[in-house]
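Data first, discussion second: the structure below is written as structure tokens.
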There are 2 protein chains.
Amino acid sequence: MKSTDNLLTPTPSAYTYPLLIKQLLINAMSLHADQEITYRGQMRYKYRDFRQRIGQLANALTALDVRPGSTVAVMDWDSHRYLESYFGIPMMGATLFTVNVRLSAAQILYTLKDADTDVLLVHCDFLPVVEQIREQLPRIRHIVVLSDDGLVPATGFAVAGEYEALVSRADAAYDFPELDENTKAVTFYTTGTTGDPKGVCYSHRHIVMHAMATALSLCSPMGEQRLHRGDVYMPITPMFHVLGWGIPYIAVMLGLRTVLPGRYLPDALLKLRETEKVSFSHCVPTILQMLVAGADKTGQDLGGWKVIIGGSALPAGLCEAALAKGMDVFAGYGMSETGPVVSLALNPTQGQPLSAGENLRLRTSTGMPSLLVDFRVVDEDMRDVPRDGIARGEIVLRSPALTPIYFKKPEASEELWRGGYLHTQDIAVMHPNGMVQIVDRLKDVIKTGGEWVSSIEVEGLITQVPGVHEAAVIGVPDEKWGERPMAFVVAGAEVKPEFIREQLLAHVQSKRISAYAMPELDRIRLVAEIPKTSVGKINKKQLREAPPALQ
Amino acid sequence: MKSTDNLLTPTPSAYTYPLLIKQLLINAMSLHADQEITYRGQMRYKYRDFRQRIGQLANALTALDVRPGSTVAVMDWDSHRYLESYFGIPMMGATLFTVNVRLSAAQILYTLKDADTDVLLVHCDFLPVVEQIREQLPRIRHIVVLSDDGLVPATGFAVAGEYEALVSRADAAYDFPELDENTKAVTFYTTGTTGDPKGVCYSHRHIVMHAMATALSLCSPMGEQRLHRGDVYMPITPMFHVLGWGIPYIAVMLGLRTVLPGRYLPDALLKLRETEKVSFSHCVPTILQMLVAGADKTGQDLGGWKVIIGGSALPAGLCEAALAKGMDVFAGYGMSETGPVVSLALNPTQGQPLSAGENLRLRTSTGMPSLLVDFRVVDEDMRDVPRDGIARGEIVLRSPALTPIYFKKPEASEELWRGGYLHTQDIAVMHPNGMVQIVDRLKDVIKTGGEWVSSIEVEGLITQVPGVHEAAVIGVPDEKWGERPMAFVVAGAEVKPEFIREQLLAHVQSKRISAYAMPELDRIRLVAEIPKTSVGKINKKQLREAPPALQ
């Protein structure tokens, strides 16, 4: 008997419950309709209004010829408009395209074209960019301007109107269709450092499953309820960046009070945290550093603020500084292609209390795999490496929330999914207790004298040197060793390369790193700044091609 | 453009991640492989052994001709064998049929035949029942005996062997197939009081979604983490009864230490709770009453024991008694057809501290709808009744975990799902904050003098009368009023009907109930016992047809 002979066939009247974004609203509307959403603390409304406005947005977009299958691109800071778009656009059966506003005009043009954009919602701040490329986007039928004051600046191209004006005069009643759960809900582009940006796509089902699995992972550890329904949420990872790590969907699903901060200005963020009593956020290390520095200036206590740190590894020094401010920071891991969250630096079952060092190691680790995530660390033949904290391999994944393709890129899609697992190109070790630690990107590993040296490990140790603010390590060609590590370091004036080498030597002596891993004196460069990608990661490609000037 | 034009088509190598029961093992095996499962505290093994034994079970069953699409019935007390069957049988693509061992031999025969049972796993205790019906079950090819001591009693029919012997000599390697997530995973029969038992079916997807949504509902309330990964779990709702409310799947998914107590004997359960440090359970009010009484006898403190109470309403008096013992009891609601859990008596966001009365009302309420559950209270035209705590209507549901059919009963299936919502036949009110309170079963509502009186409400008030242990109220025909309430009461010898009426009168005067709701003196009957169904609910059908004798 084939297994398909045993399928359950629902009675004709049964509702088969496709996993759709609209289902994320049900529980929140039932229990938290009076809960508040605020934009920058200046504008406030309730979840019941939010639900109404989603219907109004859908009617406003329908009037602009948006249909199931259309693509609607959004260029905005984190706003209530963005949150409305997260729901209203996919709920119509259309695709939301979250544009990375930090890309160059040429890259934005490329992605708008590649995504088959039909309608563009664009904040006033980005009109100059659109001005440069409008003519090359004939497919875009309508452009809606997003403006905080309701005013639309003069533009060299036609606009359909201002968002608030269009939405507020639209009818709220809209019968959102029962879609196939595999309908494309959102798309956005990876910010790879090589080649053209690649479009990642998520269906309604992917988004619902990511919300459920990530929320349960955050809510379920013993005594460390990193997320609960009394939390006040403020994203500090842009909503254009991997759907704000999917957390806005979780916040709405659980009915959390939500604070949308607009453009990220450290002082404004700190002020909002205080006045709105924000208790749950997420950001990249660079932003965390600004927040800690900002609180240092004002003496603000950041106690009770739970913050997931992702995008790049959380340096131990920065983690310590944030803990000292009272913040409950812990790392999360994922990529544009993975939903994104696939692991979180949580302790599933509190056993013995942790020492300060263990606590720091836990919080800065890649963490424990999320619920339902099949998280493997494998060698080149796809065999699991030993779970000994030493053996290295690539992280490969299965989960219900991974991108099933790169848009219009069949070869890259197959390469991503070769062998039936999504290949992250991250090199990691797995500890006996299942905790994972990334040691490097596949392409950033430094191959020197037959050994593999983790650039991230060396960066972490340099960051711990007193006076050092930031470090980036790359492999540079070397005749004798193949490659050798080179470090770029941002540090106080008192820090000299000799001092950094001295400190690293101690780690060699304690066997923490091999002698191979230590850069030579002339390969430790003090620089004013380390180049970053549009999402705040160290730009190693640029470091290799055009290293920054000495400080 | 049709919305189907916007479906995401995965690249051929992509894993589309069907929601299968085997996926519930991934995270637990990765993080909690050393966690323990114990049967009655006498036999223990680790999750890694559990995973091995699932493979062994699958090989043992394959040797007995079990194939995808086969039905394997289990008759056992709560055991490690049952938990292995929960996973191993559906993971093969076969269907697990959890037999209600409290039914009569004739009913068990009916359900075994109706479910197309191929293989039967039966505990020694139930061999006498099987002895009576074996000849009428020609389709059953093999019978496996489950025995704690490895011995197989003499039987009048052939047996394939003893479970432990078959499993322990089988190979652990078994390549569980990638099934369609809509494959029938489990079936069991509703214990309705009218007509033939009806088979309810759940697919792999239903079970995974129920586990995710119920776990998140339990884990996410603020400061009331009713479930976390440090909990020790012991079911006290039989695993044959609606999959032990689905909680065994949640326990394994989260890697909880799990205690399987065998047959339910109150003293043994209390002892296991103490020695195994059980912190999370679920049971019906009748069992709760036994546990409280047992702890009364020994003076045992039940502090830190979180227990979901379902099956029937949690009486306020019993709730108080359990709280006094230190138990953290709260109601849950669901039916065989609904996964089962669709609501839980939790407080999503702790606001003001509750008074003792509010606390009691919250804990005994039907509660707040679980995540993803579209939980409506509607009038006869399917319009939502006002959320005012007064207007009554039927609870109708949509969720990703509802039975899509009654097995082989197309008419009953369509009746269950008329209008695209599952009809519960429970009458409830919804409060403005979204909390639900069931007031009665549709068929148990007492229609008297043009008013609807909730039998459950009157039962609750009678239960609060000092000296009263239990009460059941039904409607009996009355020439003048159509129907009148009649109460059957189990109480101490000192309690007289006059006293009960006096106490009810106070509730009439305080407008808590209408004067119509108060039974006449000769309709308050003190009885020795109230008849129960096989799952411990008050058997109102029997009360109507054959009322118990006076005490």
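The values are calculated or read from the model by the stated rules, or taken from the named source; none is laboratory data. Just so we're clear, the structure is a prediction, and the values are computed from it rather than from any experiment. No Cβ is skipped: glycine too gets one built from the backbone with ideal geometry, and neighbour counts run over all protein chains shown. Please note that ligands, DNA and RNA were not included when accessible areas were found on the heavy atoms of the full protein model with its side chains. Shrake-Rupley method; radii C 1.70, N 1.55, O 1.52, S 1.80 Å.
Things worth noting here:
- Taken over the stretch B:206-220, residues that are at the interface with another protein chain (Cβ under 8 Å from one of its Cβ atoms) and either over 22 Å from A:LEU8 (Cα atoms) or not aliphatic (A, V, I, L, M) (or both) amount to 4.
- Residue within the stretch A:1-14 that is within 22 Å of A:ILE250 (Cβ to Cβ), buried (at least 18 other Cβ atoms within 10 Å of the Cβ) and in contact with a helix residue (DSSP H, G or I) (Cβ under 6 Å, 6 or more places away or on another chain) present: no
- Single residue of A:VAL458, A:VAL445, A:VAL465 found to be on the phi < 0 side of the Ramachandran plot and either surrounded by 22 or more Cβ atoms within 10 Å (Cβ to Cβ) or at pLDDT 95 or above (or both): A:VAL458
- Top-ranked residue of the stretch A:397-425 - restricted to ones that are open to solvent by 10 Å² or more (accessible area, probe 1.4 Å) and part of a strand (DSSP E or B), ranked as nearest to the other protein chains (Cβ to nearest Cβ): A:ARG398
- Pick from the stretch B:19-57, criterion in contact with a His (Cβ under 7 Å, 6 or more places away or on another chain) and in a loop (DSSP other than H, G, I, E, B), ranking: farthest from the other protein chains (Cβ to nearest Cβ): B:LEU20
- Residue in the stretch A:190-205 that is part of a helix (DSSP H, G or I) and within 24 Å of A:GLN56 (Cβ to Cβ) present: yes
- Residues considered: B:VAL232, B:VAL200, B:VAL278, B:VAL252. Of these, the only one that is away from chain A (no Cβ under 13 Å) and touching a residue at least 24 places away in the same chain (Cβ under 8 Å) is B:VAL278.
- Residue list for the stretch A:44-95, restricted to those being touching a strand residue (DSSP E or B) at 6+ places or on another chain (Cβ under 6 Å), closer than 12 Å to A:LEU120 by Cβ and in contact (Cβ under 8 Å) with a residue 40 or more places away in the chain: A:LEU64, A:VAL66, A:THR71, A:VAL72, A:ALA73, A:VAL74, A:MET75, A:ASP76
- Boolean, B:VAL130 is in contact with a helix residue (DSSP H, G or I) (Cβ under 8 Å, 6 or more places away or on another chain) and either touching a residue at least 40 places away in the same chain (Cβ under 8 Å) or crowded, with 17+ Cβ neighbours inside 10 Å (or both): no
- Within the stretch B:14-31, residues that are farther than 13 Å from B:ARG51 by Cβ and outside the structural domain of B:VAL186 (by TED's automatic domain parsing) reach no partner that is at pLDDT below 95 and not charged (D, E, K, R) with beta carbons closer than 9 Å at six or more positions or on different chains.
- Members of the stretch A:133-151 found to be part of a loop (DSSP other than H, G, I, E, B), open to solvent by less than 60 Å² (accessible area, probe 1.4 Å) and over 18 Å from A:ASP65 (Cβ atoms), listed by number: A:SER147, A:GLY150
- Filter result (of a type in the set (A, V, I, L, M), part of a strand (DSSP E or B) and more than 11 Å from A:VAL377 (Cα to Cα)) within the stretch A:426-445: A:VAL439
- Total residues in the stretch B:487-544, condition over 25 Å from B:GLY195 (Cα atoms) and of a type in the set (Val, Ile, Thr): 8
- Among the candidates A:PHE488, A:PHE499, the residue that is open to solvent by less than 10 Å² (accessible area, probe 1.4 Å), of a type in the set (Phe, Trp, Tyr) and farther than 30 Å from B:GLN23 by Cα is uniquely A:PHE488.
- Residue within the stretch B:60-74 that is of a type in the set (S, T, N, Q), more than 14 Å from every other protein chain (Cβ to nearest Cβ) and over 25 Å from A:MET368 (Cβ atoms) present: no
- In the stretch A:162-172, the count of residues that are farther than 19 Å from A:THR71 by Cβ, in contact with a helix residue (DSSP H, G or I) (Cβ under 9 Å, 6 or more places away or on another chain), at the interface with chain B (Cβ under 10 Å from one of its Cβ atoms) and not small (Gly, Ala, Ser) is zero.
One line per residue, one yes/no per condition, for (1) buried (at least 20 other Cβ atoms within 10 Å of the Cβ); (2) in a loop (DSSP other than H, G, I, E, B):
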| position | (1), (2) |
| --- | --- |
| A:TYR249 | yes, no |
| A:VAL252 | yes, no |
| A:VAL259 | yes, no |
| A:ASP267 | no, no |
| A:ARG273 | yes, no |
| A:GLY294 | no, no |
| A:ASP301 | no, yes |
| A:GLY304 | no, yes |
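- Residues of the stretch A:304-337 that are modelled with pLDDT under 95 and within 17 Å of A:GLU274 (Cα to Cα): A:GLY304 alone.
- Being surrounded by fewer than 20 Cβ atoms within 10 Å (Cβ to Cβ) and touching a residue at least 24 places away in the same chain (Cβ under 8 Å) holds for only one residue in A:THR183, A:THR155, A:THR214, and it is A:THR155.
- So B:THR286, is it open to solvent by 20 Å² or more (accessible area, probe 1.4 Å), within 23 Å of B:HIS228 (Cα to Cα) and touching a residue at least 60 places away in the same chain (Cβ under 8 Å): no
- Filtered residue count, the stretch B:101-114, keeping only those that are open to solvent by less than 10 Å² (accessible area, probe 1.4 Å) and either of a type in the set (Val, Ile, Thr) or assigned to a strand (DSSP E or B) (or both): 2
- Counting the residues of the stretch B:339-363 that are buried (at least 24 other Cβ atoms within 10 Å of the Cβ) and among the polar types (S, T, N, Q) gives 1.
- Taking the conditions (1) modelled with pLDDT under 90; (2) surrounded by fewer than 21 Cβ atoms within 10 Å (Cβ to Cβ) in turn, A:ALA493 satisfies each one other than (1).
- Among the residues making up the stretch A:399-423, a single one is of a type in the set (D, E, K, R) and in contact with a His (Cβ under 8 Å, 6 or more places away or on another chain): A:GLU415.
- Test: residue in the stretch B:174-196 that is closer than 23 Å to B:ARG51 by Cβ and away from chain A (no Cβ under 14 Å): yes
- Residue among B:THR117, B:THR62 that alone is hydroxyl-bearing (Ser, Thr, Tyr) and buried (at least 21 other Cβ atoms within 10 Å of the Cβ): B:THR117
- Close contacts from the stretch B:523-551, counting a first residue that is of a type in the set (Val, Ile, Thr) and a second that is assigned to a loop (DSSP other than H, G, I, E, B), with Cβ to Cβ under 6 Å and a gap of 6+ residues or different chains, come to B:VAL527/B:PRO548; B:VAL527/B:GLN551; B:THR533/B:THR191; B:THR533/B:ASN539; B:VAL535/B:THR191; B:VAL535/B:HIS241; B:ILE538/B:ILE530.
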